[in-house]
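Worksheet: one structure, shown below.
The values are calculated or read from the model by the stated rules, or taken from the named source; none is laboratory data. Everything quoted here is computed from the prediction, not taken from an experiment. Ideal geometry is used to build each Cβ from the backbone, glycine not excepted, and the neighbour counts take in all protein chains shown.
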């Protein structure tokens, strides 16, 4: 019965999300891009990590993560508004913007490795060949496919996949939450809810949280949709995406953190599959479908974005295809020399550098504007936080 309700939920949600009137709405399209980016990959790994490390305080830690991300989003929204105002920005801010774009392109290099290593792990999870070696081989094959496609045909044909994968991903998340809601309710009726103590506290807990920033990253995509949407739409849609993703994440973590005891399941990149097998038989298959579509489309989007940035930053001296080759080389190095939890930490630190630089740009701009002198201290402190995350963020120790 629960499996049927989950499937009906997925089908209805997908139909609503693909309904032309909604899908073609300017406000919805502007919001769905950052929303899908924020929850697309984090949804697969964040729950088991927070539950294993922070126990009953997992929802609180998630609120902290989302709150920090919202503050960085505030700085980026300020920069969007300032650029749109037409007021000349300080020379230093312009130079820092260039450095920030380089940081973002480098962060994309790592994020693609993050997406495709998740794809490899989930792609092998329910097969007879589920080993770390085979997962890395699948990841390598997809990297080479992306390189070949980028060098020969480009990504235009593949980018249409993102339109459908976003709807599929959000529909499956809706089904997942319904299934978890049933399981949580049954446990509550039985009086079997758990209040697990955290296994990590103090400074190690803080640095671990720093290393998870990538799981709530993605809102910055609104910053680079200027050719499609005006500044007011991008600012509003980024806020809405962060609010909605926080709500979805909180419901998800609350339903998960009080029904699973830390340590009862091995903490791996696919631990959510083990958890959902207990909740409903259909959920592992749905999660894998969402993971494969979402991670591939996200990897295509970030590869294309990195190529475009490098092309623009070098005044076309380096072509996008050159960036694709470097990106694949970096990705293969990370795939074979590290594990997914280390890649998550590296990606978090890379994006923290970018966010810190965006906050520093906001601070410099505010300092040159008399009415914003107080704001410069806020953005300056935010920049320091971003750089601290980049320095001290650490990886989860998987099982």
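Overview of values
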{"read-out": "Residue match in the stretch 36-56 (condition: over 23 Å from residue 273 (Cα atoms) and part of a helix (DSSP H, G or I))", "value": "no"}
{"read-out": "Cβ-Cβ under 6 Å pairs, at least 6 apart or on other chains, the stretch 191-205 side on the phi < 0 side of the Ramachandran plot and in contact (Cβ under 8 Å) with a residue 60 or more places away in the chain, far side part of a loop (DSSP other than H, G, I, E, B) and exposed (fewer than 13 other Cβ atoms within 10 Å of the Cβ)", "value": "194/261; 196/261"}
{"read-out": "Residue in the stretch 230-245 that is at pLDDT 90 or above and not in a helix (DSSP H, G or I) present", "value": "no"}
{"read-out": "Qualifying position, being in contact with a helix residue (DSSP H, G or I) (Cβ under 6 Å, 6 or more places away or on another chain) and outside any helix (DSSP H, G or I), among 130, 117, 134", "value": "130"}
{"read-out": "Among the residues listed as 83, 110, the single one being within 14 Å of the chain's Cα centre (by Cα), touching a residue at least 60 places away in the same chain (Cβ under 8 Å) and part of a helix (DSSP H, G or I)", "value": "110"}
{"read-out": "Residue satisfying all of: in the stretch 330-366; free of Cβ contacts under 8 Å to residues at least 40 places away in the same chain and buried (at least 17 other Cβ atoms within 10 Å of the Cβ); nearest to residue 42 (Cα to Cα) among these", "value": "356"}
{"read-out": "Per-region count, the stretch 331-354, residues out of contact with any helix residue (DSSP H, G or I) (no Cβ under 9 Å at 6 or more places or on another chain) and within 11 Å of residue 109 (Cα to Cα)", "value": "0"}
{"read-out": "Selection status of residue 271, within 30 Å of residue 305 (Cβ to Cβ), in contact (Cβ under 8 Å) with a residue 40 or more places away in the chain and surrounded by 17 or more Cβ atoms within 10 Å (Cβ to Cβ)", "value": "yes"}
{"read-out": "Boolean, residue 327 is under 19 Å from the mean Cα position of the chain (by Cα), in a helix (DSSP H, G or I), in contact (Cβ under 8 Å) with a residue 40 or more places away in the chain and buried (at least 22 other Cβ atoms within 10 Å of the Cβ)", "value": "yes"}
{"read-out": "Unmet criterion (only one of (1) farther than 26 Å from residue 211 by Cα; (2) surrounded by 18 or more Cβ atoms within 10 Å (Cβ to Cβ)) for residue 370", "value": "(2)"}
{"read-out": "Residue identified as under 30 Å from residue 87 (Cβ atoms), in contact (Cβ under 8 Å) with a residue 60 or more places away in the chain and surrounded by fewer than 23 Cβ atoms within 10 Å (Cβ to Cβ) among 385, 292", "value": "385"}
{"read-out": "Qualifying residue in the stretch 138-149 (condition: surrounded by fewer than 23 Cβ atoms within 10 Å (Cβ to Cβ) and assigned to a loop (DSSP other than H, G, I, E, B))", "value": "no"}
